[in-house]
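So the structure is just underneath, and the comments pick up after that.
The values are calculated or read from the model by the stated rules, or taken from the named source; none is laboratory data. Since the model is a prediction, treat every value here as computed from it, not as a measurement. Neighbour counts are summed over all protein chains in view; Cβ atoms, including those assigned to glycine, are modelled from backbone coordinates with ideal geometry.
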Amino acid sequence: MARTPADLVGANPGPSFEITMDGSPVTALPGQSVAAALWSAGILAWRTTRKAGRPRGVFCGIGQCYDCLAVINGEPNRRACLVPARPGDVITTQEGHGHAGLSV
Amino acid sequence: MPASASDPYDLAVIGAGSAGLAGAVTAAELGLSVALLDASSQTGGQFYRHPAPSLKAARPEALHHDWAAFAELRRRLEQSDVSHLYGHHVWAVAKEDNGLWALHAVTGVDGTAERSVRVRARTVLLATGAYERQLPFPGWTLPGVVGAGGAQAMLKSGLVLPGRRVVVAGSGPLLLAVASSLAAAGAQVPAVIEASGYLGYARRPRALAANPQKLVEAAVHGAALLRHRVRLRTRSAVTEVHGTDRVEAVTVTRLDRDWRPVRGAGRRIECDALAVGHGLAPQIELATTLGCATRPLADGTSALALDGLQETSVPGLWAAGETGGVGGAQLARAEGELAGLASAARLYGYHVREGRVRELQRRRDRLRAFADAMTVAHAPGPGWTGWLTDDTDVCRCEEVSAGSIREAIADLGARDARTVKLLTRAGMGWCQGRMCGTAVACLAAREGAVESSAERRPFAVPVPLSVLASLDEPAGIEPDTAPGVDR
Ligand code: FES
């Protein structure tokens, strides 16, 4: 019986690479979204809500709910479930509407 | 491809799932020039979502049902001249003065490439599918609670699981498919919690008898669940999620026939994730903005009203698949093919192969009957609002609680979802009510009948202001090209 999803589909991806989440290294596989890479590291939340400051991550998984917004390489409001991870990506927790650290 | 870049396509298809693919290849094989637009970089839609090529999955079909049907459509697409415009998020469809359709899209993996594209076509096939319908409950915003379809999507495309021990809950046949794939991929699934009974199907023996393959499908999932020792509990719901910053356990409560929680019947199940969903809602905003007629479904959602050849009430605009009511991939293929044939007949007066059309129509009607039985069997009972506490967030984006919605209704006199929205901001956030629309409509209806919500969203996806500003300046917008975007 398959123990992992990769076993189940016989995945044989190229070499993994690193991205960072709030400064900590996270391993990603080529072809995975940023959200998938975070999930495989056991990270389920990378955003806090505007009003109550509550943690959120993926909900719909297909680009509809906008719960998975993250700051990716300095750009806020990217949907992590849609954006593919690339080597060296810097992901940071998005706070509120995501413009706190920006001069806009 | 049209002869020159400024010529319109004969047919533009929005959505590269089963319905869109079938429509596109059918029309192209009859000689039409076809553009196929989809937000994703891959074909297959949500049902046939699969890992990106660089994950090199040798057996993507292990996570799928009926993969051969998709492989065949993909082969026909590769052999056709269809222009596959991937990474195109269509935000509006409009009729221009010259009678042509203009499809406006933003490009990029998540539509933030800030490049706007306009594709012109003489006819359009809308095959945008559905999105998952959600009913809120205390704790549903905690990390670790994910859509059932969302868990399935993340598994199929990214080969990841939300946790090690995942409870699957909600209502509808998707739950069985999700639970069996999560279990097959190595997750422990302690239980599937279904709010309906399965007796609803027994009341429609004709629809069942006419669709034996659906019973086989159910049996396959059932057997997988047995093999993985997954328990199925019907007439029950997750009424609370426990945990501070992530899921630690859920409370499952028995429901009466109306989905009202039975007091004192709660039971705790330890888990680190919950995959939840209450069926699917047709994604039809591009069509409703154009004024297309809709039909109410038994579960309070709306689908497009279509004629015998899949045309909407707006001439030249066809629809297929879940946009006409959620019914699955097989139905989507039949409808897509019908629409492709119909658009070819309209444009070039082809004598449509009548035998084939009748065969497709018979298949469609049979599968539609089953889909309607399914919708009835899993329609949310009115009592579900009984599991909301006043501080349960109903609108995830704007953090609007059930309490403030009830206040808008009881104290401020709101009588419908629209007024609730204006008073509370529920449904005014990023997702534009896709996640909370059903819940708000049910709460607003109180004892009365729920108005089926054909949401009108002027923009089907968020559009940067710069894109709108550039619309009047021809130079600011890419002409009718078949652009590639970075994968
Ligand atoms: S998880 Fe819903 S948009 Fe990404």
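For the structure I just gave you, tell me whether B:Ala339 is in a helix (DSSP H, G or I), hydrophobic (A, V, I, L, M, F, W, C) and closer than 30 Å to B:Gly264 by Cα.
It is false that B:Ala339 is in a helix (DSSP H, G or I), hydrophobic (A, V, I, L, M, F, W, C) and closer than 30 Å to B:Gly264 by Cα.
Only residues in the range A:45-74 that are touching a residue at least 40 places away in the same chain (Cβ under 8 Å) and closer than 16 Å to A:Thr93 by Cα count as the first member; pair them with residues that are more than 14 Å from the ligand (Cβ to nearest atom) and among the charged types (D, E, K, R), Cβ under 6 angstrom, at least 6 apart or cross-chain, and list the lot.
A:Thr48/A:Glu95; A:Thr49/B:Glu399
Quick check on the range A:57-78. Is at least one of its residues touching an Asp or Glu at 6+ places or on another chain (Cβ under 8 Å), assigned to a loop (DSSP other than H, G, I, E, B) and more than 11 Å from the ligand (Cβ to nearest atom)?
Taking every residue of the range A:57-78 in turn, at least one turns out to be touching an Asp or Glu at 6+ places or on another chain (Cβ under 8 Å), assigned to a loop (DSSP other than H, G, I, E, B) and more than 11 Å from the ligand (Cβ to nearest atom).
Only residues that are more than 7 Å from chain A (Cβ to nearest Cβ) and touching a residue at least 60 places away in the same chain (Cβ under 8 Å): list them for the range B:40-63, please.
B:Ser41, B:Gly45, B:Phe47, B:Tyr48, B:Arg49, B:His50
Can you tell me which residue among B:Ala153, B:Ala121, B:Ala113 is away from the ligand (no atom under 16 Å from the Cβ) and not in a loop (DSSP other than H, G, I, E, B)? Break it down stepwise before answering.
Working: B:Ala153 fails: away from the ligand (no atom under 16 Å from the Cβ); B:Ala113 fails: not in a loop (DSSP other than H, G, I, E, B).
Step by step, each of B:Ala153, B:Ala121, B:Ala113 is checked, and only B:Ala121 is away from the ligand (no atom under 16 Å from the Cβ) and not in a loop (DSSP other than H, G, I, E, B).
Going by what's in this entry, would B:Val93 be described as among the β-branched types (Val, Ile, Thr) and within 14 Å of another protein chain (Cβ to nearest Cβ)?
No: the conditions fail for B:Val93.
What residue, of B:Arg133, B:Arg122, is buried (at least 24 other Cβ atoms within 10 Å of the Cβ), in contact with a strand residue (DSSP E or B) (Cβ under 7 Å, 6 or more places away or on another chain) and of a type in the set (Lys, Arg)?
Selected residue: B:Arg133, the only one of B:Arg133, B:Arg122 that is buried (at least 24 other Cβ atoms within 10 Å of the Cβ), in contact with a strand residue (DSSP E or B) (Cβ under 7 Å, 6 or more places away or on another chain) and of a type in the set (Lys, Arg).
Conditions tested, residue by residue: (1) closer than 18 Å to B:Arg434 by Cα; (2) assigned to a loop (DSSP other than H, G, I, E, B).
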residue	(1), (2)
B:Ala237	no, no
B:Thr251	no, no
B:Arg254	no, no
B:Val276	yes, no
B:Ala281	yes, no
B:Gly291	no, yes
B:Asp299	yes, yes
B:Asp307	no, yes
B:Trp318	no, no
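So, in the range B:199-230, how many residues would count as being surrounded by 14 or more Cβ atoms within 10 Å (Cβ to Cβ), over 21 Å from B:Ala329 (Cα atoms) and at pLDDT 75 or above?
Of the residues in the range B:199-230, 3 are surrounded by 14 or more Cβ atoms within 10 Å (Cβ to Cβ), over 21 Å from B:Ala329 (Cα atoms) and at pLDDT 75 or above.
When the range B:296-305 is examined, which residues are found to be at pLDDT 95 or above and surrounded by fewer than 24 Cβ atoms within 10 Å (Cβ to Cβ)?
Within the range B:296-305, just B:Ala305 meets the criteria.
Conditions (1) within 14 Å of the ligand (Cβ to nearest atom); (2) in a loop (DSSP other than H, G, I, E, B); (3) over 27 Å from B:Gly44 (Cβ atoms), marked per residue:
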position	(1), (2), (3)
A:Ala35	yes, no, no
A:Leu38	yes, no, no
A:Ala52	no, yes, yes
A:Leu82	yes, yes, no
A:His97	no, yes, yes
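For residues in the range B:100-141 being more than 23 Å from the chain's Cα centre (by Cα) and of a type in the set (A, V, I, L, M), which is nearest to the other protein chains (Cβ to nearest Cβ)?
B:Ala113
So, A:Gly53, is that one surrounded by fewer than 17 Cβ atoms within 10 Å (Cβ to Cβ) and either at pLDDT 95 or above or touching a Ser or Thr at 6+ places or on another chain (Cβ under 9 Å) (or both) or not?
no
For the range B:74-88, state whether one or more residues are part of a helix (DSSP H, G or I), closer than 28 Å to A:Gln64 by Cβ and under 24 Å from the mean Cα position of the chain (by Cα).
Yes - at least one qualifying residue is present in the range B:74-88.
Could you please give the count of residues in the range A:27-46 that are more than 21 Å from B:Ala148 (Cβ to Cβ), more than 7 Å from chain B (Cβ to nearest Cβ) and of a type outside the set (A, V, I, L, M, F, W, C)?
1
Return yes or no: is B:His50 in contact with a Leu (Cβ under 8 Å, 6 or more places away or on another chain) and not in a helix (DSSP H, G or I)?
Yes; evaluated as a whole, the condition is true for this residue.
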